[in-house]
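The values are calculated or read from the model by the stated rules, or taken from the named source; none is laboratory data. In this text, all values refer to a predicted model and were calculated from it rather than measured experimentally. Here Cβ is always computed from backbone atoms with ideal geometry, including for glycine, and neighbour counts include all displayed protein chains.
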Amino acid sequence: QGYATYGVGKWHLGFCKWECTPLYRGFDAFVGYFSSGEDYYSKLQDTGYDFRINQDTYWEANGTYSSFLYQSALKTIINNHDPKVPMFLYIPAQSVHEPLEVPDYYYNLYPNIKTKGRRTFSGMVTALDDTVGLVVDLLKKRNLYNDTIIFFTADNGGAVPFHGNNYPLRGAKSTIWEGGTRVPAFVHGKFLETTGVRYDGLIHAVDWSPTIAEAAKIPYIDPDSDGVSQWQSIISLSSSKRSEIVYNLDNETTGLSGHAAIRVGDYKLVLGVPGALNGWYKPDEDYTEADDDYVGNW
């Protein structure tokens with residue numbers, strides 16, 4: 001469709017064969033790693049070293065904090081991009097995935113936090129924030145900012161064992177409570193009719209691809225997709241195109257299997273989890289998902 005496409009960060013979408021990797025999945029260039037979590041400095045994990053520029057292993061990344069590598073790559077990409085060509089820039093950040101690691105500069109920004117892990121986590125968030133700020137500054141310097149739409153979201157709730165905190169929501173990453181599945185997100189750009197407001201419509205992760213495609217005026221053709229475009233709902237603050245969400249956690253890992261949940265309109269049903277409510281309830285009114293007063297017949 002004429003777009004230059006770049007990926008910077010964590011792939012984690014399969015790499016059993018080259019055809020599953022970024023350059024075969026629509027990207028012109030990629031800087032980052034293929035797997036899930038790895039050391040922010042050594043780039044090591046159980047399966048070995050993992051950091052690449054396009055398809056080539058980049059051994060020189062060893063020893064440099066990942067956020068700094070991504071910032072350097074983003075500078076190169078944006079500064080060398082031809083402004084006459086539309087750009088799609090995908091930045092799946094490694095932060096704040098475990099292991100918890102951050103340079104002393106960021107760690108020392110939070111002397112008021114007594115828990116070492118939470119203090120490190122907070123520093124990692126700030127390093128990520130600096131990366132986002134860098135992208136904005138670079139786009140402004142290249143006079144690209146006013147023609148840019150920024151979509152920011154997360155893939156799951158915070159991991160409590162690694163000092164994530166989803167309060168007041170119940171649960172965490174790997175659960176189907178709101179703390180594991182409801183995440184912050186925002187859309188920014190001059191194309192929005194109203195700004196500085198909160199949108200309360202239902203949006204599922206699979207909706208982002210068709211939403212971004214419509215925003216870019218690109219036909220979205222994927223017969224296997226369950227996503228629906230939410231672009232018109234977002235820009236006009238109209239009702240969501242989605243009224244149902246199925247929460248799947250089809251995992252054979254002990255402690256994560258046998259769970260099921262569905263949301264229909266304002267109501268949610270959770271089954272198979274110890275402590276689950278016995279009936280339908282409204283998660284928007286009961287963030288803790290623990291109050292039987294909200295349970296009723298649906």
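Six or more apart or on different chains, Cβ under 9 Å: which pairs go from a residue in the stretch 171-191 that's at positive phi to one that's among the acidic types (Asp, Glu) and loosely packed, with under 15 Cβ neighbours inside 10 Å? Could you list them?
As it stands, the answer is 189/147, since those pairs meet every condition given.
If you take the residues in the stretch 92-120 that are crowded, with 19+ Cβ neighbours inside 10 Å and β-branched (Val, Ile, Thr), which one is nearest to residue 30 (Cα to Cα)?
My answer is 96.
What is the residue count in the stretch 182-198 for residues that are of a type in the set (D, E, K, R) and more than 30 Å from residue 159 (Cβ to Cβ)? Talk me through it step by step, then tell me what you get.
Residues of the stretch 182-198 that are of a type in the set (D, E, K, R), as a first pass: 182, 190, 193, 198.
Cutting the leftovers down to more than 30 Å from residue 159 (Cβ to Cβ) gives us 190, 193.
Within the stretch 182-198, residues that are of a type in the set (D, E, K, R) and more than 30 Å from residue 159 (Cβ to Cβ) number 2.
Pick from 46, 50: which is acidic (Asp, Glu), buried (at least 18 other Cβ atoms within 10 Å of the Cβ) and over 28 Å from residue 185 (Cα atoms)? Walk me through how you get there before you give the answer.
Numbers: 46 fails: buried (at least 18 other Cβ atoms within 10 Å of the Cβ).
Going through 46, 50 in turn, the sole match is 50.
Give the stretch 192-233 a look and list any residue that's among the hydrophobic types (A, V, I, L, M, F, W, C), without any contact (Cβ under 8 Å) to a residue 40 or more places away in the chain and in a loop (DSSP other than H, G, I, E, B), or say none. It would help to see each step written out before you state the result.
So the first thing to find is which residues in the stretch 192-233 are among the hydrophobic types (A, V, I, L, M, F, W, C), and the list is 192, 197, 202-203, 205-206, 208, 212-213, 215-216, 218, 221, 228, 231.
Checking which are without any contact (Cβ under 8 Å) to a residue 40 or more places away in the chain leaves us with 203, 206, 213, 221, 228, 231.
Hits for the stretch 192-233 are 203, 221, 228.
Which residues, counting only those in the stretch 25-64, are over 30 Å from residue 1 (Cβ atoms) and of a type in the set (Lys, Arg)?
The one that is over 30 Å from residue 1 (Cβ atoms) and of a type in the set (Lys, Arg): 43.
Could you give me the residue pairs with C-beta distances under 8 Å whose first residue belongs to the stretch 91-114 and is closer than 15 Å to residue 164 by Cα, whose second residue is basic (Lys, Arg) and crowded, with 17+ Cβ neighbours inside 10 Å wherever it lies, and which are 6+ apart or on separate chains?
Going by the 8 Å Cβ cut-off, the qualifying pairs are 94/10; 97/10; 113/119.
Could you run through the stretch 66-85 and say how many residues are free of Cβ contacts under 8 Å to residues at least 40 places away in the same chain and either under 25 Å from the mean Cα position of the chain (by Cα) or outside any helix (DSSP H, G or I) (or both)?
Count: 6.
Taking the residues in the stretch 216-233 that are of a type outside the set (S, T, N, Q) and at pLDDT 95 or above as candidates, determine which candidate is nearest to residue 197 (Cα to Cα).
Here is the first cut: in the stretch 216-233, the ones of a type outside the set (S, T, N, Q) are 216-224, 226-228, 231.
Restricting the remaining residues to those that are at pLDDT 95 or above gives 227-228, 231.
Details: 227: 24, 228: 22, 231: 15 Å.
Checking each candidate, the answer is 231.
Give me the pairs, please: first residue somewhere in the stretch 34-47 and under 20 Å from residue 17 (Cβ atoms), second residue anywhere and among the β-branched types (Val, Ile, Thr), beta-carbon distance under 8 Å, and either six or more positions apart or on two chains.
As it stands, the answer is 34/21; 35/47, since those pairs meet every condition given.
Go through the stretch 53-71 and give me each residue that's surrounded by fewer than 14 Cβ atoms within 10 Å (Cβ to Cβ) and small (Gly, Ala, Ser).
63
Of the numbered conditions (1) within 15 Å of residue 131 (Cα to Cα); (2) surrounded by 16 or more Cβ atoms within 10 Å (Cβ to Cβ); (3) touching a Leu at 6+ places or on another chain (Cβ under 7 Å), residue 75 satisfies every one except a single condition; which is it?
Against the list (1) within 15 Å of residue 131 (Cα to Cα); (2) surrounded by 16 or more Cβ atoms within 10 Å (Cβ to Cβ); (3) touching a Leu at 6+ places or on another chain (Cβ under 7 Å), residue 75 comes up short only on (2).
Results for (1) at pLDDT below 95; (2) out of contact with any Phe, Trp or Tyr (no Cβ under 9 Å at 6 or more places or on another chain); (3) of a type in the set (S, T, N, Q), shown as yes or no for each residue.
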residue	(1), (2), (3)
33	no, no, no
43	no, no, no
73	no, no, no
76	no, yes, yes
84	no, yes, no
99	no, no, no
103	no, no, no
111	no, yes, no
121	no, no, no
